[in-house]
Structure formats: structure tokens, C-alpha cells
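All remarks here apply to the structure that follows.
The values are calculated or read from the model by the stated rules, or taken from the named source; none is laboratory data. These numbers were taken from a predicted model, which means no experiment stands behind them. Positions of Cβ are backbone-derived with ideal geometry, glycine not excepted, and every protein chain shown enters the neighbour counts.
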Amino acid sequence: MYIFIEKAISLLLLLLVLCVLNINGREFRIAWMAATKTYHGLNASSSVGALKLALQAISVGDILVNHTVRVKWYDSGCNQKTALAAAVSAKSNFDPDLFLGPPCSSAMREVAQLASNWRRPIFGWVSNDIEFSNKTKYSTLIRLLGPLNKLPSVMRFVSKLFKWKIFSMIHDEAAPYAAVAAAIAEDKDATIKSTHEVNVRMEDNEIESIFQQVRKNSRILIFSVPIHTLRMYMIVAHRLGMSSGDFAFLCIHGDLYTWNELSTEVLSDEVWRKNDKDDQGARQAFESVLHIIMPTFESAKLSEQFNHLVNKMTNLENNNWINLPPVSEPDAYAPYLYDATLTWAIMADKILKENEDPSDGDIMKKRTVNFYHEGLTHLIKLDPDGDRFLHFSMFDMQENGRFQRIIEIKYEMSGVVVNTTESDYKLVRWANGKYGLHNAPPDVPACGFEKDHCPEGNNSVQKYQIFILSKILPANFCLPHQSSKQN
């Protein structure tokens, strides 16, 4: 009888615990902010499939168990006015625990400031401008795409690898490319001799004028331009004799690419081959190009699997998904939205288990210290400011005219890991046919840009050698004649 009563009490206590868990199950609200219109290759429809996939993973996984996640979409546009109105509406009518986005930097500025004032966490998966590294102004912002303020560390790596310290920069007039140039300029260890803004409407003579200025004080050029415009600049460089191996061109991509875009538009021979009269010159010019790119996926197979799963989200609906737009083909940034959503859920789950409030942006920010987990877009490691460490790869053109990865920089739990495909003596194939890091073109010509590095004494020695030769050669030419007379 006693055992029966004890079991009954245990069962009753278990039921009470389950009831309490059910009662205490919390509803989390996410205000997802993205634009209807396409900006820089993405929009709400090209992103929403990845968001749904992440929400589905949360619902069937072991994080935020017994809790509900509701998501409501707000069209934030890509301007301050629309984004401000959307954020205020979300706060008033939905009271979100998280602002997710917006992706566009001009829209993010307003929303991130408001979120900081409201002490609400805000996660970004695209906006990586250097401005957002101001954590006094954007105190609750956490960024899952490697931010541009990490580019100086990339430049320091490049400088050390090739022993380059002097550069010039050429960037497109559009904001995303100007932002890359501004971030690189923050590197105090590099000397940027000149910076030039370009656009696709420029005539060849205007581009020539820029190159003529550049070559006066630098041999290593940094490009931040749309990939489809790079060829027009490289053709002009070739015409000016800058593609024989004395110059190097670093194309630093702030853009992300889908696996298909990367394979066909950036790394294949399509980047220089257009079946026109300039193909031969363009190919020679691209021999001097090194691409530096932030990768999305490690393989075509992973990309295909992701796209397949996103397509399955097309007709999937949920009462907790409010006003979401229709699903279209995922853009290059969609995997980062997936990782941003999962990262928030993991952090919120940990905060709950510590009996604290995940909707407090200050608490959420503190949890970024030593935070890491394996994401869809490589290992996610955050710094104490809530910014992700930057992964990047370097690609070099091979004999077949296609670009191949030669260096990969990854942040792992133990620190920075550098993977190379060849030894230092074979790692890079230069335009002059030579291989290896030791054959990298110097950033300063042997005698300097003004021939001022060659001592005057060298010229005197050369003149003396010419004088001696002028005395010896005539004497030698006379010898056969004298010999014949003796005979």
C-alpha cells in the first residue's frame, strides 16, 4: 500500500512538472526585416526559404524545447525612412524579442540604433559595413557575416605573405565597394599611395589616366569592383604593359556568391573570355590577378543539399509564421540568415538555462564571448563585440585559364588555421611564368619609382665599364688585320 501511494505521488509530481513546463513555455517573437525589392542580389523572397528551414530545425531540435518561436515579416526597404517606420511598427504591435535584419546597411543603421535604445538584441546576416563596429552606437548588434572591419587583418596576412606594404586602390562608386575600400584603408600597417573611384561608364582613356597615376608610386593594385566590370579595367592595364609580371592585382570581393555564381562567373574562364578581339589580352592580364573571397559553402554537394532543402520550404506553412513572403531561389547570403537564426536560438537557450532574459540585448551581447559552434557557413566564432571572425580564400589563375583556390584562412576553436594547396615554392603562378612566393613582384621597383634607389656610384661603374670596352674592342678588331700583314 505504501509503495502504491509512493508511486502515485511520484506520478502526480511528474505530471505537475510537465504542467509547469508547459505553462512556463515561453513565446519568443522575431521581427524579421527584409526588403521586397531586390538590392545587391537579395530580397525577402530569396531569403525566406533559409529562414523557414532554420525555424523548422529549431522546432524539431533540442534547443528552446517547450518554447514557441513566432516570426513576423516587416518590409524594411533599403532606406532609413522605411526601415525606421517598420521598426517602430514592430516594437509597438509585436514587441519582438529579436530584430533579425535588415540586410541593407542603410536600413540597418536606423534599426540597430533603435534596438540598442530598446535594449533588444539585433542579429544581422548581411550588413557588414565598418560603421557597425561602433559598439557604443550599436551596442546590441551581433553580425554573422564576417564584417569589413576584419579586412585589415586580411591585408596584414597578404602583406606578410608576399612582403608587400605599398598599394594603390581602385573601387567602384557603388556603396558596397566603397565600403570595402574604406575598411582596407583602416590598415595602419599598409601604405595606400592613392585611391581612385571608377564606374562602368568610364571611357578607356579615363581608365588609362588612372593607371598612369597608379604606376608612378605602386606596383600592387587592390580592386574592389563588381566582378563583371573587372575585365574592362584589366584589358586597359594590359594595353599599358602592366600584365607582364611586374604588377599584381588583388581583387578583394565584398560580394558573396552562390556556388554556381562562383564557379561560372568568377573562377571559370568566363571571367576573361568573351569571344572577342580582346580575349588574348584579357587572359594575359588575368594571369596577374589574385581573388580574395569570403566563401559560403565548402563544396558543390553542400550547396546542392541546401538548395534542395530550401525548395522543400516553398509550400510549408505554420501558424507562427506571420505574413512571410513566397519562397524563391536562395541568394548567396541565405545560408548566413540560416546561421544567424540558429545562433540566436542557441544563445537564447543558454541564457534561459541561466535563468536570465534572452530579450535583453546587453545580456545576449555578453554571451558572444568565446561563443562558437559549427554552422552551415563554416565554424561560427564571435569576438567579444559580437562580430564574427572572417574566413577567406585566395584563388590564382592556372594554366587552363581557370582560377583555383591556393590558400584558405579559417578560424577554428584553437585559433587561425592556414591551409595551402602547394609548398611556398609552387604556391602562386605569376604572369611571367615563374612560381612561388619568392618570385612575387616587389611592391617597389629595384631602383625605385624615380630611379632614386640606385646609388650614383653604380652609374659611374657602368660608365667606366663602357669606357674600357670601347678601348678593348677596336684593338681586338685590328688584330686579324695586323696578323695578315705579317704573313
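Values computed for the structure shown
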| quantity | calculated |
| --- | --- |
| Scan of the range 92-105 for residues that are of a type outside the set (F, W, Y) and either crowded, with 18+ Cβ neighbours inside 10 Å or assigned by TED's automatic domain parsing to the domain that holds Y177 (or both), ordered by number | P96, D97, L98, L100, G101, P102, P103, C104, S105 |
| Exclusive hit being within 24 Å of the chain's Cα centre (by Cα) and hydrophobic (A, V, I, L, M, F, W, C), set V428, V444 | V428 |
| Odd one out for N323 among (1) out of contact with any strand residue (DSSP E or B) (no Cβ under 9 Å at 6 or more places or on another chain); (2) of a type in the set (S, T, N, Q); (3) in the same structural domain as W32 (by TED's automatic domain parsing) | (1) |
| Among (1) surrounded by fewer than 11 Cβ atoms within 10 Å (Cβ to Cβ); (2) touching a Lys or Arg at 6+ places or on another chain (Cβ under 7 Å); (3) not charged (D, E, K, R), the one test that T421 misses | (1) |
| Boolean, W321 is over 21 Å from the mean Cα position of the chain (by Cα) and more than 23 Å from V180 (Cβ to Cβ) | yes |
| Per-region count, the range 86-131, residues touching a Leu at 6+ places or on another chain (Cβ under 6 Å), assigned to a helix (DSSP H, G or I) and at pLDDT 95 or above | 3 |
| Odd one out for M397, checked against (1) more than 19 Å from the chain's Cα centre (by Cα); (2) outside the structural domain of I252 (by TED's automatic domain parsing); (3) of a type in the set (A, V, I, L, M, F, W, C) | (2) |
| Contacts under 6 angstrom Cβ, first residue in the range 356-372 being assigned by TED's automatic domain parsing to the domain that holds G124 and touching a residue at least 12 places away in the same chain (Cβ under 8 Å), partner in a helix (DSSP H, G or I) and small (G, A, S), 6 or more apart | P358/A348 |
| Pairs, first more than 18 Å from V225 (Cα to Cα) in the range 257-279, second assigned to a helix (DSSP H, G or I) and hydrophobic (A, V, I, L, M, F, W, C), C-beta under 6 Å, six or more apart | W259/A300; D278/I235 |
| Unique match (being farther than 30 Å from F449 by Cα and surrounded by fewer than 22 Cβ atoms within 10 Å (Cβ to Cβ)) among D246, D279 | D279 |
| Residue list for the range 415-425, restricted to those being among the polar types (S, T, N, Q) and over 22 Å from the mean Cα position of the chain (by Cα) | S423 |
| Criterion: farther than 19 Å from M397 by Cβ, buried (at least 17 other Cβ atoms within 10 Å of the Cβ), modelled with pLDDT of 95 or more and hydrophobic (A, V, I, L, M, F, W, C) - qualifying residue of V236, V180 | V180 |
| Complete set of residues in the range 56-82 that are crowded, with 24+ Cβ neighbours inside 10 Å and not in a strand (DSSP E or B) | S76 |
| Enumeration of residues in the range 433-447 that are surrounded by 13 or more Cβ atoms within 10 Å (Cβ to Cβ) and in a loop (DSSP other than H, G, I, E, B) | K434, G436, A440, P441, P442, D443, V444, P445 |
| Every residue from the range 448-457 that is small (G, A, S) and either within 19 Å of F392 (Cβ to Cβ) or not in a loop (DSSP other than H, G, I, E, B) (or both) | G457 |
| Residues that are within 16 Å of R405 (Cβ to Cβ) and hydrophobic (A, V, I, L, M, F, W, C), drawn from the range 420-436 | L427, V428 |
| Residues satisfying the stated conditions in the range 414-432, i.e. of a type in the set (A, V, I, L, M), free of Cβ contacts under 8 Å to residues at least 12 places away in the same chain and not in a strand (DSSP E or B) | none |
| Candidates F162, F157, F167, filtered to the one that is within 30 Å of F371 (Cα to Cα) and touching a residue at least 60 places away in the same chain (Cβ under 8 Å) | F157 |
| Hits in the range 24-39 (condition: buried (at least 20 other Cβ atoms within 10 Å of the Cβ) and part of a loop (DSSP other than H, G, I, E, B)) | A35 |
| Options K81, K72, K91; residue that is free of Cβ contacts under 8 Å to residues at least 24 places away in the same chain and among the basic types (K, R) | K81 |
